[in-house]
1. Within the stretch 174-209, how many residues are surrounded by fewer than 18 Cβ atoms within 10 Å (Cβ to Cβ) and not in a loop (DSSP other than H, G, I, E, B)?
2. Of all residues in the stretch 43-84, which are under 25 Å from the mean Cα position of the chain (by Cα) and at positive phi?
3. Quickly run through the stretch 159-173 and pick out the residues that are surrounded by 12 or more Cβ atoms within 10 Å (Cβ to Cβ), in contact (Cβ under 8 Å) with a residue 40 or more places away in the chain and not aromatic (Phe, Trp, Tyr).
4. Inside the stretch 134-166, can you point out the residues that are closer than 22 Å to Gly179 by Cα and aromatic (Phe, Trp, Tyr)?
5. Regarding the stretch 147-165, can at least one residue be identified that is within 19 Å of the chain's Cα centre (by Cα), β-branched (Val, Ile, Thr) and at pLDDT below 95?
6. Checking Lys123 against (1) free of Cβ contacts under 8 Å to residues at least 60 places away in the same chain; (2) surrounded by fewer than 20 Cβ atoms within 10 Å (Cβ to Cβ); (3) among the charged types (D, E, K, R); (4) closer than 24 Å to Leu41 by Cβ, which single condition isn't satisfied?
7. Does Gly129 meet the test of being at pLDDT 95 or above and closer than 30 Å to Val332 by Cβ?
8. Report the residue count in the stretch 339-379 for those that are more than 22 Å from the chain's Cα centre (by Cα), exposed (fewer than 14 other Cβ atoms within 10 Å of the Cβ) and of a type in the set (Val, Ile, Thr).
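The values are calculated or read from the model by the stated rules, or taken from the named source; none is laboratory data. Treat the numbers as computed from the prediction; the structure is a model and nothing was measured. Positions of Cβ are generated from backbone atoms using ideal geometry, with glycine treated the same way; all protein chains shown enter the neighbour counts.
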Amino acid sequence: MKQKYRFSIVLALICFWGCLSSSSLFAQPTDETPKSVNLSLHLRPAFHAQFNGTPLEFERGEFKFDHIIVDLGGDVTSKLSYRYLQRLNKVSPVFIKENLPSSIDYAYLKYSFNGLFSMTAGKQALSIGGFEYNKYPVDVYDYSGISNLVTCYLTGIQIAFTPTQNQEFSFQIVNNRMGTWREAVGIPQTALQLEPPVLPLYYSLGWNSSYLDNSLQLRYAANITSPAKGKTLIMVSGGQMWQSGPFTIYIDAFYQHSEIDFLGGIRSLTARPQNVVENVNYFSLLGEANYRFLPQWNILLKCFYNNFSTYESSGSLDKGICLTSWNYQAGVEFYPMKDDNLHLFLTATFKNYLEPAVTQVATPDNSFRVSAGFIYRIPVLSL
C-alpha cells in the first residue's frame, strides 16, 4: 500500500502539471508558455560486505538498494519552475509539524522575478555550505558526521539574489524540525525546565560563487535557530572545489555550537539517549579527490574527521570530547556508456573511532565495508 501511495503521488503531480500547462491561467504570451518537464528515476543497488570490531571480524554480507529516487521537475513558464523528489525506499511516518514524510526531499515552486531575484517556497534543502552536502544523494557513498545527522530537507522560503552569473547570495527561513519538539531534543529532566521555542525556525545566509571559468567554486553558509526557548544553535559551513582537466578536489568544513544537542549525535552515545543533552560542539572536516584518468574510468579518495564534544558539563556528562573518528574511503568507478547516466562502482570504507575523553559515553565499533554496485539515472520523460 505504501509503494502504491508513493507512485500515486508522482502520477498526480504529472497530471497536475498537465492541467497547468493547458489552463488559461498560464496561457500568457509566448515567453510565458510552459517550457519543460523532466522525470527521472535514480537507482543505486549494491552488495555490501561488513566487518566490525577490533580486530575486524566479518559480520554480514547482503544485497541492498541504497537509493530509489523519483525526481520530477521542470518549467511551468519562463519564470515559474517546480521540483518534486521522493525516495521510494525510505519508509517514514508523516511528521506532525510539516504533515509530510521525510522520504520527500523536495516539493517546491520557484519564481524568478527578473534576472536578479528569485523566490523558492515549499520543502527544500536547508542552506548549508560545502560540496558533499549539496551533491545528488546517490553520488555520496558515505556522508561525514554533521551532514549525516542534520535534518537536511525542511519547509519554508528562500530569497536568492544573483548579481552576476558567478555570484549568488541567499536568505532562507525554514522549519528547524519536521516532528515534535521532544523527538528533536529528547526528554528534558525536571531540573532543566525547558520549553519549546515560540518560533522553531532556521534563519540562514548563503553565498555561492565561482571563478576562473568555474575552475574554482566556493559554497558558504551560516545558520541560527532556537532548539528550545532561550537556547541558541549556531552553525557555519563552507567548502572550496577546484577542477582542472581530469582532476576534481574539494575540502569542506562544518562547525556547530549549540546549547541543546539538536543533532542527537552525542545524545545517542549516552546510556539514556532519550534524555536532553546540553552544551555541545560538533566539528567535521572532509576532503575528496577524483581523477578521471580515462574517459570511462574514475578513481576517488575521501577522508573525513569528526569531533563531537561538550563545552560544559551536562547532567551526568563531563566536559570534554565525546567522539573522535577518522574515516577513509577509496573507490573506482566505470562508465560503460557515452553519457554518465550509468556507472559501476567498487568502494572500500574504513571508520576508526578513538577512545573519548568523556567516560560516560559509548565508543562505536571500528568498521570496514566493501561495496560493489551501480548507479543508474534513467531519463523516463523529457519534454
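1. Residues flagged as surrounded by fewer than 18 Cβ atoms within 10 Å (Cβ to Cβ) and not in a loop (DSSP other than H, G, I, E, B) within the stretch 174-209 amount to 7.
2. Result: Gly74, single match.
3. To start, the set of residues in the stretch 159-173 that are surrounded by 12 or more Cβ atoms within 10 Å (Cβ to Cβ) comprises 159-162, 166-173.
If we keep only those that are in contact (Cβ under 8 Å) with a residue 40 or more places away in the chain as well, we get 159-162, 166-168, 170, 172.
Within the stretch 159-173, Ile159, Ala160, Thr162, Asn166, Gln167, Glu168, Ser170, Gln172 qualify.
4. Filtering the stretch 134-166 down to residues closer than 22 Å to Gly179 by Cα leaves 145-158.
The one that is closer than 22 Å to Gly179 by Cα and aromatic (Phe, Trp, Tyr): Tyr153.
5. In the first step, residues of the stretch 147-165 are kept if they are within 19 Å of the chain's Cα centre (by Cα); the result is 147-158.
Among the residues that remain, those that are also β-branched (Val, Ile, Thr) are: 150-151, 155, 157.
This time we only want the ones that are at pLDDT below 95, so: 150-151.
Yes, the stretch 147-165 contains a residue that is within 19 Å of the chain's Cα centre (by Cα), β-branched (Val, Ile, Thr) and at pLDDT below 95.
6. Only one criterion is unmet by Lys123, namely (2).
7. Working: at pLDDT 95 or above: yes; closer than 30 Å to Val332 by Cβ: yes.
So Gly129 passes the test.
8. Of the residues in that region, 1 qualify.
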